[in-house]
Structures are given as C-alpha cells and as structure tokens.
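**Q** To start, I am sharing the structure in question, which I have written as structure tokens.
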C-alpha cells in the first residue's frame, strides 16, 4: 500500500471510509486482500461501532464528537484495535 501524507490532527469523527483512510494517507483503492488490508477493514468496523456508540451517548453527530482514550487508536487506519471501554468527548466549536 502506498502512503500519502497523513493529516496530523483531525477534530471530529467521520462515517466516510475515504475520509477515514485519508487520515493515514491511504485510499480505498490501496486496500487489497493482504493481512494489513484485512486488519484495516476490521479496524474500520470497530471504528464505526465506537463512533456510533459515542454519538448515541453524547447525542451528537459524528463531526461533533471525538474518540479518546484507548479508542483514539481507532481514529487512524492501521493503529491497533481495542476492546476497552469507550471514551469520547464533544469537540469544542472553533
């Protein structure tokens, strides 16, 4: 997989797989059937589950919440997955 330039700090979460992959400098077309691609797809599912739960807890849309704690690793494709308790916060308005 070819890496582009990763984006340093992103506020808010997303439900768009392309936007999520761009955080690690990847495109959907970069994913194949190798172990790393399979792990990234699994991480996307975990990320979406965490974002959904965070939004439900805080009663906010994805763009207004941010995963934190152990779940912050899910924000960037390729980071380790986790099964810890969810931690999230409301993103302050700029």
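**Q** I need a count of the residues in the range 18-31 that are over 16 Å from residue 66 (Cβ atoms), within 11 Å of the chain's Cα centre (by Cα) and either touching a residue at least 40 places away in the same chain (Cβ under 8 Å) or surrounded by fewer than 17 Cβ atoms within 10 Å (Cβ to Cβ) (or both).
**A** 3
**Q** Tell me yes or no: at least one residue of the range 44-55 is surrounded by 17 or more Cβ atoms within 10 Å (Cβ to Cβ) and over 10 Å from the mean Cα position of the chain (by Cα).
**A** Yes - at least one qualifying residue is present in the range 44-55.
**Q** Restricting the search to the range 32-75, which residues are closer than 15 Å to residue 18 by Cα, without any contact (Cβ under 8 Å) to a residue 40 or more places away in the chain and touching a strand residue (DSSP E or B) at 6+ places or on another chain (Cβ under 9 Å)?
**A** Scanning the range 32-75 gives 47, 74.
**Q** Residues in the range 1-25 that are modelled with pLDDT of 90 or more, touching a helix residue (DSSP H, G or I) at 6+ places or on another chain (Cβ under 8 Å) and under 15 Å from residue 76 (Cβ atoms): how many?
**A** Count: 6.
The values are calculated or read from the model by the stated rules, or taken from the named source; none is laboratory data. Since this is a predicted model, take the numbers as computed values, not measurements. Backbone-built Cβ (ideal geometry, glycine too); neighbour counts: all protein chains shown.
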